[in-house]
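These notes are about the structure you will find just below.
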Amino acid sequence: MNASLKTALMAGILALADIHACAAAATAEVHIDNFAFTPATLSIKAGTEVTFINRDDIPHTVVSTEGQFRSQALDTDDKFTFTFATPGEFGYFCSLHPHMTAKIVVEP
Amino acid sequence: MSKDQINQGRIEDRKSEAEVGEGKSEAEVREGLSRRGALECMVWAGTGVLWTMAGGVPASRLIGSAQAAPETGFSFVQISDSHIGFSKPANPDALGTLQESVAKIAVMPQKPSFLIHTGDITHLSKPKEFDDAAQVIGSLKIDGHYVPGEHDYIDDGRGKAYLERYGKDTQGAGWYSFDQAGVHFIGLVNVVDLKAGGLGNLGAEQLAWLEADLKSKPASQPIVVFSHIPLWIVYQEWGWGTEDGAQALSFLKRFGSVTVLNGHIHQLMQKVEGNVTFHTALSTAFPQPAPGSAPSPGPKLVPPGELRSVLGVSDVVFHQGTEKLAITDHTLAEAQR
């Protein structure tokens, strides 16, 4: 392997690492207040890490309608984090109070 | 007569006056009152009301502080929503108010034959919460029959902790039936595998079991069904109801006396449909707002001096031979009158 190819490869790897670092840095929050997820629809870029925070004094859960993610029971101020890597629409609800529904829209 | 009883009397009087004012005869008003009482009777917390079941139509009267023990029949108590582990401002000591509830049961004039707990024994399904509840309730030394609330199913094993303690001799997620003194009791589970956007749920397997369980029972046998979430739709917006509850109730239509006991909504509510009397119990931990009266069904903060007037237990007396079931709700504050 010659030096220039090596450099190019390294640059490529670094660039990929960079993209990955950027994506990992993107974060968003969903709050649970008064038995509701806020915002009810959250639009994010693929790779965004979403943190769900329960601010009620009753436990809630964050459960994907299609089974892609599921939190434990979140007591007051407990958090659940999930990274949405792939584009699409992800509906979720609270399995204890299933009238609480919301969705995450992941754009490419 | 206690202050609460006087207040209750005044409310009823006011209703009558208003309707007489609408040009209705007194007889029409009386008929309207009893019909309304039967169809949408909601007894809000703070008083003790005795409900008597006769031929599917309940009559209510306010109870005095001194109660005579019934001569025949047997009684059982319902407690609900003890939420052991809850320590938020609405009640920093849920274990303490459970102890008070149990103390109230211990001094009932007729010792209850057994106890029914309609779920949310614990707040977070933790072993210590289950232990504490079992220790306090166990001090009564009477049989306990339980159904889980959604709070009893949130351990990592998703119900394992509950079923290890209360799942013996039950089916599926913990449903079962038993007979006592000619009354058929059915404990149903409607807090498991809930669907997004939906309500409480019994599921096909449990419904099939229920239908089979009832098949051999004569229509004259009194039936008591208990589950955590109300089997009827109390308030859809807050998820207070059971998606497939109507299907369960369809199996009960042919029976002459059906009593449905629920919890979950932390307030008294009563309604009658045909031969079915629905009753929801007070919590022993904290009250919740009336449907739609607050932004959410979260715990309702009341002034500390009033907490015990919105917590309590119910006792149900079965009068042998008459197929009557009388439900009496006792608040924790009663003893302090």
Could you list B:SER257, B:SER216 so that the one with the fewest beta carbons within 10 Å of its beta carbon is first and the one with the most is last? B:SER216, B:SER257
Could you work out the per residue convex hull volume over the alpha carbons of the range B:81-213, in cubic angstrom? 128 Å³
Segment B:GLN135-B:GLU205, extension gain: residue separation times 0.36 nm, minus the distance between their alpha carbons: 21.9 nm
Calculated FRET efficiency, B:SER216 and B:ILE142, Cβ-Cβ r, R0 35 Å, to nearest 0.05? 0.80
Once both label points are put 7 Å beyond Cα along the C-beta direction, the B:ALA181-A:THR86 separation in nm becomes 6.0 nm
The ³J(HN,Hα) series, computed from each phi in the range B:191-196 with the Karplus coefficients 6.51, -1.76 and 1.60 at θ = phi - 60°, rounded to the nearest Hz and given as x for glycine or proline, is 10, 10, 6, 6, 9, 3
Can you give me the distance in nm between label points at B:SER296 and B:GLN247, each placed 7 Å from the Cα along the Cα-to-Cβ direction? 3.1 nm
In sequence order, calculated HN-Hα J values of the range A:66-80 (Karplus, 6.51, -1.76, 1.60; Hz; x Gly/Pro): 9, x, 6, 8, 7, 8, 6, 5, 9, 7, 3, 6, 6, 10, 9
Assuming 0.36 nm per residue, please report the length gained on full extension of the stretch B:SER113 to B:THR170 beyond their Cα-Cα distance. 18.5 nm
Counting other beta carbons within 10 Å of each residue's own, what order do B:SER220, A:SER95 fall into, fewest first? B:SER220, A:SER95
Once you wrap a convex hull around the alpha carbon atoms of the range B:271-325, what is its projected area averaged over all directions, in nm²? 5.4 nm²
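Readers should treat all values here as calculations from the given coordinates under stated rules, not as data from a laboratory. Since we're looking at a predicted model, the values are computed, not measured. Quick reminder, even Gly has a Cβ in these numbers, built from the backbone with ideal geometry, and neighbours come from all protein chains shown.
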